[in-house]
1. Being within 28 Å of residue 44 (Cβ to Cβ) and not in a strand (DSSP E or B), is that true of even one residue in region 107-124?
2. Could you grab me the full set of residues in region 1-31 that are at pLDDT 80 or above and outside any loop (DSSP other than H, G, I, E, B)?
3. Restricting to region 121-163, what's the tally of residues that are exposed (fewer than 15 other Cβ atoms within 10 Å of the Cβ) and under 11 Å from the mean Cα position of the chain (by Cα)?
4. Given 90, 145, which one is farther than 24 Å from residue 59 by Cβ, in contact with a strand residue (DSSP E or B) (Cβ under 8 Å, 6 or more places away or on another chain) and in contact (Cβ under 8 Å) with a residue 40 or more places away in the chain?
5. Inspect all residues belonging to region 98-116 and state whether any of them is surrounded by 17 or more Cβ atoms within 10 Å (Cβ to Cβ), in contact with a strand residue (DSSP E or B) (Cβ under 7 Å, 6 or more places away or on another chain) and more than 20 Å from residue 36 (Cβ to Cβ).
């Protein structure tokens, strides 16, 4: 509710109360989609720059071996969404750039059905994002430079029959299925 002082500001009836993304302990308020895992990492400075761990097999987030690694780049302002894997788990790490990665749970039998999670990741805010099968996901490069996203999927890409399905972000169907817009 605006104070009397704010009420005398043009447009004040359109103002929205600010909501913090974290609680008083620094924990994210957003409820995580069932099966989605995130491990924050940090760049550690040294005399020549920084180093950040991307993946360690002893991490709980890596419950299956790394069988393939590839890097995808995305130009500033471009959107790569919506993708869904039927069997493979994506394990994403933003190496360079500022990226908004969104995951949407369209699994009708899931306890988190209908929920969206957004992760804003960069080389300054790194982390390993694990996205299990049958979740819509995609990203937008919200930075000013080309973004580099590393993926370590749980299964090798099968060129003759990929398990990836796409729902183009700019299609009419996407607006009916995934309730998120950048």
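The values are calculated or read from the model by the stated rules, or taken from the named source; none is laboratory data. Note that this is a predicted model, so its numbers are computed, not measured. Glycine gets a Cβ as well: all are built from the backbone with ideal geometry, and neighbour counts include every protein chain shown.
1. Within region 107-124, one or more residues are within 28 Å of residue 44 (Cβ to Cβ) and not in a strand (DSSP E or B).
2. Once the filter is applied, which keeps residues that are at pLDDT 80 or above and outside any loop (DSSP other than H, G, I, E, B), region 1-31 yields 13, 14.
3. 0
4. 145
5. For region 98-116, residues surrounded by 17 or more Cβ atoms within 10 Å (Cβ to Cβ), in contact with a strand residue (DSSP E or B) (Cβ under 7 Å, 6 or more places away or on another chain) and more than 20 Å from residue 36 (Cβ to Cβ): present.
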